[in-house]
Amino acid sequence: MALTATIYNLTVELSDIDRGVYETLDLRVARHPSESAEYMLMRVLAYCLEYEEGIEMTQGVSAGDDPAVLVRDLTGTITAWIEVGAPDAERLHRGMKLAGRAAVYTHRDIRQFFPQLVAKKIHRAAEIPIYAFDAKFVDEFASLIDRRTNISLSITERQLYVDVGGKTFNTTIAEHRIA
């Protein structure tokens, strides 16, 4: 019998001071059986840190050719292509050409996949930010996510402050560029 996705109901109090975004997000996230808790958390963080009108989470690891997060305008045209983890160069090239804006959010060691991105042709590669998070921070945060969780996220000057389950911690969001 095939395993089904586990549904997580997350309430996120988002205060992105850097962008002037203050929202309460009620997210219903499906975690595929082959998806790690860390990958799911990175999808949630990418969604929150990119939050704007028209944003949507795809099906994660089972999304096929789609990225983890998309932004569409009112006509349905994709305007942002947001990858999670360690995407290959071809996906970023395709996403940047299609949407005109792309980004990567990762908890992986950037030294493991960055060289293959630099070695390949990627449309407007220098404009694609790669936001890297400390793996220890992601592991600790992911371990606190239950099927129903309230999260408080505050972002200021590329510092991410988190409160989940009464535990508070923070990390720096390191930005890298392909060039």
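The values are calculated or read from the model by the stated rules, or taken from the named source; none is laboratory data. Worth saying up front: this structure is predicted, and the values here are computed from it rather than measured. No Cβ is skipped: glycine too gets one built from the backbone with ideal geometry, and neighbour counts run over all protein chains shown.
Among the residues of region 149-172 satisfying the criterion of being among the small types (Gly, Ala, Ser) and part of a strand (DSSP E or B), which is nearest to Leu49 (Cα to Cα)? Show your work before the answer.
Residues of region 149-172 among the small types (Gly, Ala, Ser): 152, 154, 165-166.
From what's left, part of a strand (DSSP E or B): 152, 154.
Values: Ser152: 13, Ser154: 10 Å.
The selected residue is Ser154.
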For Ile17, all conditions in the list (1) farther than 16 Å from Asn150 by Cβ; (2) under 16 Å from the mean Cα position of the chain (by Cα) hold save one; what is the number of the exception?
(2)
Unique match (being assigned to a loop (DSSP other than H, G, I, E, B) and under 19 Å from Pro67 (Cβ atoms)) among Ile130, Ile122
Ile122
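How many residues, within region 82-92, are touching a Lys or Arg at 6+ places or on another chain (Cβ under 7 Å) and either touching a residue at least 60 places away in the same chain (Cβ under 8 Å) or under 11 Å from Thr58 (Cβ atoms) (or both)?
Restricting attention to region 82-92, the residues satisfying the condition of being touching a Lys or Arg at 6+ places or on another chain (Cβ under 7 Å) are 83-86, 89.
Filter once more, so that each one left must be either touching a residue at least 60 places away in the same chain (Cβ under 8 Å) or under 11 Å from Thr58 (Cβ atoms) (or both): 83-84.
Number satisfying all stated conditions: 2.
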Kindly list the number of the only condition in (1) over 18 Å from Ala37 (Cα atoms); (2) assigned to a strand (DSSP E or B); (3) touching a helix residue (DSSP H, G or I) at 6+ places or on another chain (Cβ under 7 Å); (4) not basic (Lys, Arg) that fails for Glu175.
(3)
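In region 103-112, is there at least one residue being closer than 30 Å to Leu3 by Cα and surrounded by fewer than 18 Cβ atoms within 10 Å (Cβ to Cβ)? Give the derivation first.
First, the residues of region 103-112 that are closer than 30 Å to Leu3 by Cα: 104-109.
Filter again for surrounded by fewer than 18 Cβ atoms within 10 Å (Cβ to Cβ), leaving 109.
Within region 103-112, one or more residues are closer than 30 Å to Leu3 by Cα and surrounded by fewer than 18 Cβ atoms within 10 Å (Cβ to Cβ).
Give the residues of region 17-48 that are assigned to a helix (DSSP H, G or I) and of a type in the set (D, E, K, R), sorted by residue number. Reasoning before the result, please.
Going through region 17-48, the residues assigned to a helix (DSSP H, G or I) turn out to be 37-48.
Those that are assigned to a helix (DSSP H, G or I) and of a type in the set (D, E, K, R): Glu38, Arg43.
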State which residue pairs qualify: first residue surrounded by 15 or more Cβ atoms within 10 Å (Cβ to Cβ) and inside region 46-73, second residue at pLDDT below 85 in any location, beta carbons under 7 Å apart, and separation of 6 or more residues or different chains.
Ala68/Gly60
Looking at region 139-179, which of the residues that are among the β-branched types (Val, Ile, Thr) and closer than 17 Å to Tyr8 by Cα is surrounded by the fewest Cβ atoms within 10 Å (Cβ to Cβ)?
Thr149
Hits in region 23-68 - residues which are among the aliphatic types (A, V, I, L, M), modelled with pLDDT of 95 or more and either out of contact with any strand residue (DSSP E or B) (no Cβ under 9 Å at 6 or more places or on another chain) or farther than 21 Å from Asn150 by Cα (or both)
Leu41
